[in-house]
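Q: Please read through the structure below; I'll follow up with questions.
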Amino acid sequence: MEQGLTVFVVSWKNADETLADVTLDNYVGEGQLTALDVVLDICGTGSAHTIGYCVAGTTLAATLAVLAARGEAEKVASATFFTAQVDMSECGDLAVFIDDATMLTLDRLTADKPYLDGRNMAMTFNMLRSNDLIWSYVVNNYMMGKDYFPFDLLYWNSDATNVPAKWHKSYLEDIYRDNLLVKPGGITVLGVPVDLSKVATPAYIQGGKEDHIAPAGSAYKLTNYFTGDKRFVLAGSGHIAGVVNPPSANKYQYWTSDTLPASFEAFVTSAKETKGSWWPDWINWLAPRSGKKIKARVPGKGKYKAIEDAPGRYVKERI
C-alpha cells in the first residue's frame, strides 16, 4: 500500500476432509483464475500484476500457460516469482525425498484421512537444515535448558498447514519426480496441455542465495522457459528471510544483471551486488508496467462486501 499498489492475497486453506478431491485444477481454476477475475472486477481494470511464492509460483506458471492457451494472457500485466521452481532437474536436497519409498510412506500417512498433516511436511523441511532447525534446539533447549530464542520468522514457519493428499502426491510425482511441467503437454490443467514456452508475460524472478527449499540455481531455470521480458534477482539469505526483507531493516544484499546468461553460474559471475533489500529494484521494475495512480479504494465498498477483518476465519482454523 505504501508503494501505491492495491494488494489482494490468496492464502492456503488448512486441508480437511472437504478438500479430499482437490487437485492442481482447483488451485489454478478456483484459487488463481477465479481470484484474478474477481480482482479485475473490483478494480475495474483489464489486467493485474500477480505474485507466486514457492509452490504458488509453480502453480502460477501453469496458470499463465492456461491463460496463454485460452488467448487471455492480457489479464496478467506481469508475474513475479518468489523462490519458485518449474524445472525440478536440479531441485536440491528435496530430491532425496521424492522416491518410491517416500510415496509409499505418504500413502500410509494418509490412509485414514484425505490430507497430509502439515507437521510431516514441516519435519521434511527441517531435516534439510537439521543442524539449524533440529539439533541446535536439542542441544540448547533440551540438553542445556536454555529458553527458546524469540524469532518471528521461525514462529511463522512452525504454523504448518495440512495439504490435500491427492494434490500433494500428484505434485510430487508429476512435477518433482517426473518433471512434467516443463515438458510441453506433459501435464494437462483444466483441459489445457501446459506449454510454458507460450508464456510471454513479463516476469520478475527472485531466488534466495542460501535457499535450501528452492535453490537459487533451480529458480533461475524459469528464465529458460518463458519467452517474454524477464529479470532475475538473487537475494541474500534464504527461503523466507530472503523474501521478507523490508528496506527499513537494512539487511542482506542482492545481485542483478542486465543480461540473462544461459547458466546460473554465469549469472553469479557477471552480476552486480547492491546492499540492502531487493524490494526497491522490484518496485522500479513494476512501476513502469502499472497504470496511473488513483485514489486508494476502501475495502468492502461496492458489490463485494467485506466478510470480516483479515486474515479471515479459515486462516485461523486448526484441524
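The values are calculated or read from the model by the stated rules, or taken from the named source; none is laboratory data. These numbers were taken from a predicted model, which means no experiment stands behind them. Neighbour counts are summed over all protein chains in view; Cβ atoms, including those assigned to glycine, are modelled from backbone coordinates with ideal geometry.
Q: Quick check, is residue 163 within 20 Å of residue 220 (Cβ to Cβ) and in contact (Cβ under 8 Å) with a residue 40 or more places away in the chain? Before the answer, list the steps.
A: Working: within 20 Å of residue 220 (Cβ to Cβ): no; in contact (Cβ under 8 Å) with a residue 40 or more places away in the chain: yes.
When the stated conditions are applied, residue 163 does not pass them.
Q: Return the only residue of 267, 232, 226 being surrounded by 16 or more Cβ atoms within 10 Å (Cβ to Cβ), farther than 21 Å from residue 92 by Cβ, modelled with pLDDT of 95 or more and touching a helix residue (DSSP H, G or I) at 6+ places or on another chain (Cβ under 9 Å). Working first, answer last.
A: Numbers: 267 fails: farther than 21 Å from residue 92 by Cβ; 232 fails: farther than 21 Å from residue 92 by Cβ.
None of the others qualify; the one that does is 226.
Q: Could you check residue 7 against (1) surrounded by fewer than 19 Cβ atoms within 10 Å (Cβ to Cβ); (2) more than 21 Å from residue 242 (Cα to Cα) and say which number it fails?
A: So residue 7 meets the others, but not (2).
Q: In this structure, is residue 243 touching a helix residue (DSSP H, G or I) at 6+ places or on another chain (Cβ under 9 Å) and buried (at least 16 other Cβ atoms within 10 Å of the Cβ)? So that I can check it myself, show each step before the final result.
A: Numbers: touching a helix residue (DSSP H, G or I) at 6+ places or on another chain (Cβ under 9 Å): no; buried (at least 16 other Cβ atoms within 10 Å of the Cβ): yes.
So residue 243 fails the test.
Q: Looking only at segment 225-236, how many residues end up being under 18 Å from the mean Cα position of the chain (by Cα) and more than 18 Å from residue 269 (Cα to Cα)? If you could, list the steps in order and put the result at the bottom.
A: Step one: filter segment 225-236 for residues under 18 Å from the mean Cα position of the chain (by Cα), giving 225-226, 230-236.
After this cut, where a residue has to be more than 18 Å from residue 269 (Cα to Cα) as well, the list is 225-226, 230.
Total meeting the criteria: 3.
Q: A follow-up question, please. Would you check if there is a residue in segment 6-24 being in contact with a helix residue (DSSP H, G or I) (Cβ under 9 Å, 6 or more places away or on another chain), closer than 28 Å to residue 227 by Cβ, at pLDDT 95 or above and part of a helix (DSSP H, G or I)?
A: Yes, that holds for at least one residue.
Q: Those residues that are touching a strand residue (DSSP E or B) at 6+ places or on another chain (Cβ under 9 Å) and either exposed (fewer than 12 other Cβ atoms within 10 Å of the Cβ) or under 21 Å from residue 221 (Cβ atoms) (or both), I need them from segment 73-115; list them, please. I'd like the intermediate steps shown before the answer.
A: Pass one, segment 73-115, residues touching a strand residue (DSSP E or B) at 6+ places or on another chain (Cβ under 9 Å): 75-84, 106, 109-110, 114-115.
Answer for segment 73-115, where residues must be touching a strand residue (DSSP E or B) at 6+ places or on another chain (Cβ under 9 Å) and either exposed (fewer than 12 other Cβ atoms within 10 Å of the Cβ) or under 21 Å from residue 221 (Cβ atoms) (or both): 76, 78, 79, 80, 81, 82, 83, 84.
Q: Might you check whether a residue that is polar (S, T, N, Q), surrounded by fewer than 22 Cβ atoms within 10 Å (Cβ to Cβ) and on the phi < 0 side of the Ramachandran plot occurs anywhere in segment 192-211? Break it down into steps so the answer makes sense when it comes.
A: So the first thing to find is which residues in segment 192-211 are polar (S, T, N, Q), and the list is 197, 201, 206.
The next check asks that each one be surrounded by fewer than 22 Cβ atoms within 10 Å (Cβ to Cβ); those that pass are 197.
With the extra rule that they be on the phi < 0 side of the Ramachandran plot, the set shrinks to 197.
There is at least one residue in segment 192-211 that is polar (S, T, N, Q), surrounded by fewer than 22 Cβ atoms within 10 Å (Cβ to Cβ) and on the phi < 0 side of the Ramachandran plot.
Q: Hey, does segment 158-172 have a residue that's surrounded by 16 or more Cβ atoms within 10 Å (Cβ to Cβ), under 30 Å from residue 48 (Cβ atoms), in contact with a Cys (Cβ under 9 Å, 6 or more places away or on another chain) and among the hydroxyl-bearing types (Ser, Thr, Tyr)?
A: The answer is no; no qualifying residue exists.
Q: With the structure loaded, tell me whether residue 80 is in contact (Cβ under 8 Å) with a residue 12 or more places away in the chain, of a type in the set (Ser, Thr, Tyr) and in contact with a helix residue (DSSP H, G or I) (Cβ under 6 Å, 6 or more places away or on another chain) or whether it fails that test. Lay out the reasoning, then the answer.
A: Working: in contact (Cβ under 8 Å) with a residue 12 or more places away in the chain: yes; of a type in the set (Ser, Thr, Tyr): yes; in contact with a helix residue (DSSP H, G or I) (Cβ under 6 Å, 6 or more places away or on another chain): no.
In short, no.
Q: Separate question: Does at least one position in segment 174-194 carry a residue that is within 16 Å of the chain's Cα centre (by Cα) and over 23 Å from residue 260 (Cα atoms)? So that I can check it myself, show each step before the final result.
A: Restricting attention to segment 174-194, the residues satisfying the condition of being within 16 Å of the chain's Cα centre (by Cα) are 175-176, 181.
So of that shortlist, the ones also over 23 Å from residue 260 (Cα atoms) come out as 175-176.
Looking for residues that are within 16 Å of the chain's Cα centre (by Cα) and over 23 Å from residue 260 (Cα atoms), one finds at least one in segment 174-194, hence yes.
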